[in-house]
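Chemist: I'd like to ask you about the structure that follows.
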Amino acid sequence: MNPSVTHPARSDAWPDDLYITEQLQTRRETDADYPLQMDALRDLAGRMLDAPEEVLPRFVERAQEITQGVSAGLSILEETAGVFRWRCLKGLLAPFENATTPRNYSPCGVTLDENRPVLCRHPERFYSWVAEAGIAIPEVLLVPLHYAGAKPIGTLWIVSEREGHFHAGHAKAASELARFAGIALRIRETQQLLQNAVEQQETLTREMAHRVKNLFTIAQSLVGLTAKTTFSKDQMAETLNGRFYALARAHALVRKGFGGTSAAEAQDLRTLLVAIVEPHNTAETDRFTLTGPTIALGERALNGMALIFHELTTNAVKYGALTSDHGHIAINWMENNEGAVEIFWREDGGREIAEQPELNGFGSKLLRDAITRQFGGKLEKTWDRRGLRAQITIPLKSLTR
């Protein structure tokens, strides 16, 4: 099937008897099997509660059974690509599972445009992709599939073995089942949202505990540093107050909630780094050197980058250059020829490192996940006796979001 073929959904070139939806009302209805329909609804309702993921395949199967078709399936619209994707296929056309068909050149497209049941006779006469697939379809009944009361997101279609098979009763039964399928989709999404919210809350709780622990570690370091560089109680109080204020402003940069919002107080990489390292500098000594061009940060990127450099800075306080009065950290960044930003973190002057520290805790996972999962970047770390050497590579486009 060739989804690249696009033609108008309606055409004067249609055979007059291609769409015969009006015949649904004139054909004689066979006796409806109401017990079978009720059983199908009870079956789907039960699965909605116990196994929502099973509803859609079962829905297609029961629709085929009730209408006595020879094949059935769902065509779910992928708007960006402009195609329908076939899902949950049953019967003769099951081998075409996951195939795609054009949005604007198919009976499914006509069904979405009309937003009502549609009956199509031998579509292979007009739609080349059907003929090329070697499919002969005497009749296909299509009903729109709605989600949350909005415009249709796809169709349920059922194929008959002969012409003249489908009637209004079939269309009504299929539409009723389609409404249940829409409810199942909503339940499935709600369950996923709840699961995601619980997982996010658990992550945020662990992250908050981790950050509080880090704040105490940094605060302890700042008290020690201030005590060594001031000569009176009042001077120490004033200096420490300024550093704690700077620390609070830096910490605010990684504030976020369930909506993914963040405090957009910095708009470029240098401004962000200045805010994070400021509490650790003294009037006499800048313990950080920052070198690199202006790199704009989007609001989402700001949060992730702040988290990354908070984590690196905290590790320097615990294990690296910032454990020493004479420690220094150089942060350099540049754009490479592959559309990425390379950031180099280099520590010197801290305690001599005899062996690589064991950094396999939550903070290290947080650091690596932020770089690799949020930004699609990579992290390379090495330790020598002078301190940590790290290279972070992040696609430039990831920093503008």
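The values are calculated or read from the model by the stated rules, or taken from the named source; none is laboratory data. Just so it is clear, the model here is predicted, and its values are computed rather than measured. Every residue, glycine as well, gets a Cβ built from its backbone with ideal geometry; the counts of neighbours run over all protein chains shown.
Chemist: Could you pull out every one of the strands (runs of 3 or more DSSP E) wholly within segment 18-136 that has 1 or more residues that are within 17 Å of His165 (Cβ to Cβ), at pLDDT 90 or above and within 32 Å of the chain's Cα centre (by Cα)? Don't jump to the end; show me each part of the working.
Modeler: Values: elements: 71-78, 83-91, 100-102, 118-121.
In segment 18-136, the matching strands (runs of 3 or more DSSP E) lie at 71-78, 83-91.
Chemist: Step by step: first the residues of segment 278-307, then only those that are of a type in the set (A, V, I, L, M, F, W, C) and not in a loop (DSSP other than H, G, I, E, B), then the one that is farthest from Phe375 (Cα to Cα). Which residue is that? Can you show your working first?
Modeler: In the first step, residues of segment 278-307 are kept if they are of a type in the set (A, V, I, L, M, F, W, C); the result is 283, 288, 290, 295-297, 301-302, 305-307.
After this cut, where a residue has to be not in a loop (DSSP other than H, G, I, E, B) as well, the list is 288, 290, 296, 301-302, 305-307.
Values: Phe288: 25, Leu290: 22, Ala296: 14, Ala301: 8, Leu302: 11, Met305: 9, Ala306: 13, Leu307: 12 Å.
Only one residue fits best here, namely Phe288.
Chemist: Can you tell me which condition Phe362 does not meet? The list is (1) surrounded by 13 or more Cβ atoms within 10 Å (Cβ to Cβ); (2) modelled with pLDDT of 85 or more; (3) more than 24 Å from Arg270 (Cβ to Cβ), and all the others hold.
Modeler: (2)
Chemist: Here is a list: Glu65, Glu161, Glu132. Which entry is surrounded by fewer than 19 Cβ atoms within 10 Å (Cβ to Cβ), without any contact (Cβ under 8 Å) to a residue 60 or more places away in the chain and of a type outside the set (A, V, I, L, M, F, W, C)?
Modeler: Values: Glu161 fails: without any contact (Cβ under 8 Å) to a residue 60 or more places away in the chain; Glu132 fails: without any contact (Cβ under 8 Å) to a residue 60 or more places away in the chain.
It is Glu65.
Chemist: Taking segment 373-401, which residues are touching a residue at least 24 places away in the same chain (Cβ under 8 Å), in a strand (DSSP E or B) and surrounded by 16 or more Cβ atoms within 10 Å (Cβ to Cβ)? Steps first, answer last, please.
Modeler: First, pick out the residues of segment 373-401 that are touching a residue at least 24 places away in the same chain (Cβ under 8 Å): 374-375, 377, 383-401.
In the following step, the residues that additionally are in a strand (DSSP E or B) were identified as 383-384, 387-395.
Across segment 373-401, the qualifying residues are Trp383, Gly387, Leu388, Ala390, Ile392, Thr393, Ile394.
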